[in-house]
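Shown next, in structure tokens, is the structure this report addresses.
The values are calculated or read from the model by the stated rules, or taken from the named source; none is laboratory data. Everything numeric in this text was worked out from a predicted model, so none of it was measured. Glycine gets a Cβ as well: all are built from the backbone with ideal geometry, and neighbour counts include every protein chain shown. These area figures cover heavy atoms from the full protein model, side chains too; ligands, DNA and RNA do not enter into them. Shrake-Rupley method; radii C 1.70, N 1.55, O 1.52, S 1.80 Å.
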Protein chains: 2
Amino acid sequence: VNYFLKCVNCGTVYDPKEIMYTCPKCGPRLGTLEVVINEYPKHSSFDLKSKGIWAFSDLLPIDEDHYEVPLFIGNTPIYEKKALAKKLGLSDLWIKNDGRNPTGSYKDRATAMAITKAKALNFNTIYCASTGNAASSLAGLTAASGMKSIIFVPKTAPEAKITQLLVYGAIVMAVDGTYDEAFDLSTEIGNEFGWYSRNSAINPYLLEGKKTGAMEVVVQLDFKVPDFAIVSVGDGTVVSSIYKGFKDMKTIGLIDKIPKIIGVQAEGANAIVRTFESGHFDRPVDIDAHSIADSIAVGKPRDVLKACKWVKESGGYFVSVTDEEIGKAIIELARETGVFGEPAGAAAYAGLKKLAKDFQGKSAVIFVTGNGLKDIKSAMNFAGRVNYVKPDPKDVKSVLRQIGVIQEG
Amino acid sequence: VNYFLKCVNCGTVYDPKEIMYTCPKCGPRLGTLEVVINEYPKHSSFDLKSKGIWAFSDLLPIDEDHYEVPLFIGNTPIYEKKALAKKLGLSDLWIKNDGRNPTGSYKDRATAMAITKAKALNFNTIYCASTGNAASSLAGLTAASGMKSIIFVPKTAPEAKITQLLVYGAIVMAVDGTYDEAFDLSTEIGNEFGWYSRNSAINPYLLEGKKTGAMEVVVQLDFKVPDFAIVSVGDGTVVSSIYKGFKDMKTIGLIDKIPKIIGVQAEGANAIVRTFESGHFDRPVDIDAHSIADSIAVGKPRDVLKACKWVKESGGYFVSVTDEEIGKAIIELARETGVFGEPAGAAAYAGLKKLAKDFQGKSAVIFVTGNGLKDIKSAMNFAGRVNYVKPDPKDVKSVLRQIGVIQEG
């Protein structure tokens, strides 16, 4: 596939053979690059069920004989929830569960692209900084590909995600600092030692992998387009990728509109909400980030300009939800749909709940970006309690009576 | 589909309208029932990719207009691992990763059947005792189906599994005792209050759901049959179901042999190994079970007679592996294949490693029955360590030098 790179800030065009990461003129913060594909093939059938994300190979900036990670990525389930839609006043509601990816998150889509690129460029070591999911994804997919990974995480990352890293054999640097500090640190070290970067926003190909999530929705809904697409936002790359996926499908002529993209942030980490609302997309507002939704606890988002521009272009906007709302959303989503999302995954549902009154009669898809098993501690704070019993029927019946499950007995 | 029930011990045949669970003559321990389908349809194509386990609907004891849980179950990935096969001296090795099911384990196949049956019989409450996976599966799938679940687990079940239960809104009885005690307790209470039973071996339909795992392997390998099929064993129902799945495919004429089925138990919970080796399958050896592989930490297995008979019929056998071997298998499997299994899931790989010298030149499929995220504590004991660093490049470089990742810098 023929493509070039274009700076999101100044619009300068670069040859991908000459520039790997960001615009030299605008720098890494504003000058993230967009991959622009010269000509899209005209076709309308995608073998998503057999190939996962690689069904979209000729819509991706990769060679025909590209490397593919030997794990099944994408083609994650989408569920239509009629009763829940009705309850919320929507015409239709779909849940796209990306927690079903190999390492349990949306990030596997991006990591797969990074590995394809790294193989093409003969890199054997990939590094990243991550709040957890990009890291576990990189660790798992490099293991499956016989490559090495060096990973920088804030030392506060959830236990399950750190466990994944170690099990997969990654070299793990647990940084006594925030994700934002780990990010800058990793870029400095990665550059110095010449490892391939899987850092969000910096590597322009990650977004291309991520756009397959939106493309899958289009195929799975048989080219019907929801009015709204809702997803949680940390660095801003996933939300941008959702826009790009729908836009590409429109460019090819397979759909005739793009959903309004709604980005959901945690209130304690709503840097992009603030930047968006300021109207000055090129002056990112940085904050100290705090949220139970570790995957989006980002204070210095790396793809803020792109996220703001593209979300605005879609007619959408950003919204904040509290940790309390996120916690309740985890539980309600699980009980209503059987989909257990991690806090950042359920945040999209919290956003939908908050905005439902504005969405009356409209259709929406929400992206659950991570598996609930990745962060059980946060979920536990909002779930109910177990009933401790002795192995004695009398004790069990007494408890069942107390909690109102039985009357008699 | 027309079918009847047949006692595995005495061979008595029952009408499914008259008997729900076990043989009244032989009792629940020996008298577990086999579902015998009168006539299989003749066909050879299964729309596994679109339908998951329901691709096999007309090979299951359900009505044509049966209820299906609105979550995508089955069609889990199977990976061919050529390099690993060569390393172990096998002609071929496939990894079937059932950790990719909705609640992260093989048990979703069985729970789906239980719910279909419960709906047909107008039950709204289902109970089970479980070491964890059947429980989280029941909690998740009943939530998605708008039903209630009442669950008995040993209070020592891994945190992640208990979290799943509570998040999904199950009523959880954490029993101060073993799985075996929880099992007996649940049966007594469940019978008394007339809830539907999802207890392993007791409910004959669970095995029918589980057999779809083997059927999928047949379809995914394009009707090629491995020489060995290896799976971990607790109560003995999954291992029996693997045999049944292959046998059904042979009965229909789609394959001409059945793999030798190898059941792998934890050394501290090897009750079925002992019974099998005693030769007296109808005199189950009960033990005190201890293993890090909580899903198979069963001292009083409920499907021992069936498991022994059917594994023997396949030409296979049972083997024990130590907790140390299981722990190492988790790590090696993850690093070699990118598949992170829970201890019981990786136990199959530990069994393969132990037996590889006997399998030279042969082909094998291993079933990874649960997702590693379900029990991170056990994995952590065998994984490496994180490197704690300050957010300072000098500190990072010093650590990278110490652990031999870099020389210079």
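Rounded to whole Hz and in sequence order, give me ³J(HN,Hα) for region B:279-296 from the Karplus expression 6.51 cos²θ - 1.76 cosθ + 1.60, θ = phi - 60°, writing x for Gly and Pro.
x, 9, 5, 8, 10, x, 8, 9, 9, 8, 8, 9, 6, 5, 7, 4, 5, 10
Above 21 angstrom, tally the Cα pairs of region A:154-234 and express them as a % of all pairs, no decimals.
50
Cross-link list A:210/A:244; A:119/A:148; A:96/B:148; B:82/B:362; B:155/B:377; B:17/B:210: which exceed 20 angstrom alpha carbon to alpha carbon?
Distance filter (> 20 Å) returns A:96/B:148; B:17/B:210.
log₁₀ I(q)/I(0) of region B:362-409 at q = 0.16, 0.21 Å⁻¹, via Debye over equal Cα point scatterers, no solvent, to two decimals?
Once normalised to I(0) and log-transformed, intensities are -0.68, -0.80.
If you roll a 1.4 Å probe over the protein assembly as shown with all protein chains in place, what percent of the accessible area is carbon or sulfur?
Accessible surface attributable to carbon and sulfur in the protein assembly as shown totals 47 percent.
Which entries of B:6/B:250; A:42/A:354; A:250/A:309; A:312/A:374 have Cα-Cα distances beyond 28 Å here?
In this structure, A:42/A:354; A:312/A:374 lie more than 28 Å apart at Cα.
What are the principal axis extents of the Cα atoms in region A:1-40, in Å, biggest first?
That gives 29, 17, 12 Å along the principal axes, largest extent first.
Mind telling me which of A:140, A:299, A:315 comes out most flexible in a GNM of chain A, alpha-carbon contacts under 10 Å?
Result for chain A, Cα springs under 10 Å: A:315 fluctuates most.
Any idea how far the Cα center of region B:243-309 sits from the one of region B:314-366, in Å?
16
Hey, got the average number of other protein chain Cβ atoms within 10 angstrom for residues in B:326-338?
Per-residue shielding by partner chains comes out at 4.
Compare B:388, B:67, B:106 in a GNM of chain B, Cα atoms joined below 10 Å, and give the one with the largest fluctuation.
B:388
Report residue B:261's accessible area, 1.4 Å probe, all protein chains in place, as a number in Å² to the nearest 10.
Accessible area of residue B:261: about 0 Å².
Report the extension gain between residue B:86 and residue B:252 in nm, rounded to one decimal, defined as 0.36 nm multiplied by the number of residues separating them, less their alpha carbon distance.
Full extension from residue B:86 to residue B:252 adds 56.5 nm.
Just to check, using Stokes-Einstein with a Kirkwood Rh over alpha carbon pairs, what's the diffusion coefficient of region A:19-80 at 4 °C and 1.567 mPa s in µm²/s?
Translational D for this selection: 89 µm²/s.
Among bridges DSSP assigns within chain A, what percent are antiparallel (round to 5)?
The antiparallel proportion sits near 30 percent.
Work out how far the C-alpha atoms of region A:179-220 reach from end to end along every principal axis, then list the three figures in whole Å, largest first.
On the principal axes, region A:179-220 reaches 42, 21, 10 Å in Cα extent.
For the protein assembly as shown, give the magnitude of the charge dipole about the Cα centre (Cβ charges: +1 Lys/Arg, -1 Asp/Glu; no others), in debye to the nearest 20.
420
In debye, nearest 20: dipole of chain A around its Cα centre with unit charges on the Cβ of K, R (+) and D, E (-)?
So the magnitude is around 960 debye.
Using the Cβ atoms and a cut-off under 11 Å, what net charge is assigned to the surroundings of residue A:390, where Lys and Arg are +1 and Asp and Glu are -1?
With Lys, Arg at +1 and Asp, Glu at -1, the net is -2.
At what distance in angstrom do the alpha carbon centres of region A:102-140 and region B:127-145 lie from each other?
The two parts, judged by their Cα centres, are 33 Å apart.
List the distances, in nm to one decimal, from the label point of residue A:274 to the label points of the same position in every other copy, shortest first, placing each label point 7 Å from Cα along the Cα-to-Cβ direction.
6.4
Could you state the accessible area per residue of region B:7-96 in Å², with a 1.4 Å probe and every protein chain left in place?
47
Can you give the local net charge around residue A:158? Use residues other than it whose beta-carbon is closer than 9 angstrom to its beta-carbon, Lys and Arg +1, Asp and Glu -1.
-1
Measuring label to label, 7 Å along Cα→Cβ, what does residue B:404 give against each other copy in nm, shortest first?
For residue B:404, the inter-copy label distances come out at 6.2 nm.
Once each part is reduced to its C-alpha centroid, what is the distance from region A:201-227 to region B:149-163 in angstrom?
Centre-to-centre distance over Cα atoms comes out at 37 Å.
Residues with beta-carbon under 15 Å from that of residue A:208, excluding residue A:208: net charge, scoring Lys, Arg +1 and Asp, Glu -1?
Net local charge, residue A:208 excluded: +2.
Quickly estimate the mean residue ellipticity at 222 nm for the protein assembly as shown, helices only: each DSSP H run with n ≥ 4 gives -39500 (n - 2.57), and the total goes over all residues, rounded to 500.
-11500 deg cm²/dmol
Got a sec? Charge dipole of region B:51-198, +1 on Cβ for Lys and Arg, -1 for Asp and Glu; which of B:166, B:197, B:124 is way out at the positive end?
Of B:166, B:197, B:124, it is B:166.
Translational diffusion coefficient, Stokes-Einstein: compute it for region A:273-369 using the Kirkwood radius over C-alpha pairs as Rh, at 20 °C and 1.002 mPa s, and state it as an integer in µm² s⁻¹.
148
Going 7 Å from the Cα of residue A:121 toward and past its Cβ, which residues in region A:202-231 have a backbone nitrogen under 18 Å from where you end up?
Flagged as within label range: A:202-210.
Tell me the total accessible area that B and A bury against each other, 1.4 angstrom probe, in square angstrom rounded to 100.
Buried area between the two chains comes out at roughly 6100 Å².
Which shape class applies to region B:145-192: rounded if a/c is under 1.5, otherwise prolate when a/b exceeds b/c and oblate if not, where a ≥ b ≥ c are the square roots of the Cα gyration tensor eigenvalues?
Since a/c reaches 1.5 but b/c is at least a/b, the shape of region B:145-192 is classed as oblate.
Restricting to the protein assembly as shown, what percent of DSSP beta bridges are antiparallel, rounded to 5?
Here the antiparallel bridges make up roughly 25 percent for the protein assembly as shown.
Please state the shape class of the protein assembly as shown: rounded when a/c is under 1.5, otherwise prolate if a/b exceeds b/c and oblate if not, all from the C-alpha gyration tensor.
prolate
Assign one of three labels to region A:109-200, namely rounded, prolate or oblate, based on the Cα gyration tensor with a ≥ b ≥ c the square roots of its eigenvalues; rounded applies when a/c is under 1.5, prolate when it is not and a/b is larger than b/c, and oblate otherwise.
Cα axes put region A:109-200 in the oblate bin.
Projecting each Cα onto the charge dipole of chain A (Lys/Arg +1, Asp/Glu -1 at the beta carbon, about the Cα centre), which of A:329, A:75, A:262 comes out farthest on the positive side?
A:329
Just to be sure I understand the model, the point goes 7 Å from the Cα along the line to the Cβ. What's the resulting residue B:188 to residue A:10 distance in nm?
Label at residue B:188, label at residue A:10, 7.9 nm between them.
Could you report region A:338-409's accessible area per residue, 1.4 Å probe, as an integer in Å²?
41
Taking only Cα atoms and a 10 Å spring cutoff, compute GNM fluctuations for chain B and point out the largest among B:342, B:192, B:39.
Largest GNM mean-square fluctuation: B:192.
In region B:90-243, how does Rg compare with the Kirkwood Rh, expressed as the Rg/Rh ratio over alpha carbon atoms?
Checking Rg against Rh, the ratio lands at 0.99.
Find the eigenvalues of the gyration tensor of the Cα atoms of region A:29-153, then list the square roots of 5 times those eigenvalues as equivalent ellipsoid semi-axes, largest first, in whole angstrom.
29, 20, 15
Treating the point 7 Å from Cα along Cα-beta-carbon as the label, what are the nm separations from residue B:156 to the other copies, to one decimal?
Residue B:156 label point versus its equivalents elsewhere: 3.5 nm.
What's the angle, to the nearest 10 degrees (0 to 90), between helix B:133-144's Cα axis and the longest principal axis of chain B?
70
Within the P(r) computed for region A:152-292, what percentage of the Cα pairs occupies the region above 20 Å?
Of all Cα-Cα distances in region A:152-292, 59 percent exceed 20 Å.
Using the Cα centre of region B:276-409 as the reference point, and only Cβ charges (+1 on K/R, -1 on D/E), how large is the resulting charge dipole? Debye, rounded to the nearest 20.
In debye, rounded to 20, region B:276-409 gives about 260.
Based on a Kirkwood Rh over C-alpha pairs, give the Stokes-Einstein translational diffusion coefficient of region B:273-328 at 4 °C and viscosity 1.567 mPa s in µm²/s.
So the translational diffusion coefficient is about 106 µm²/s.
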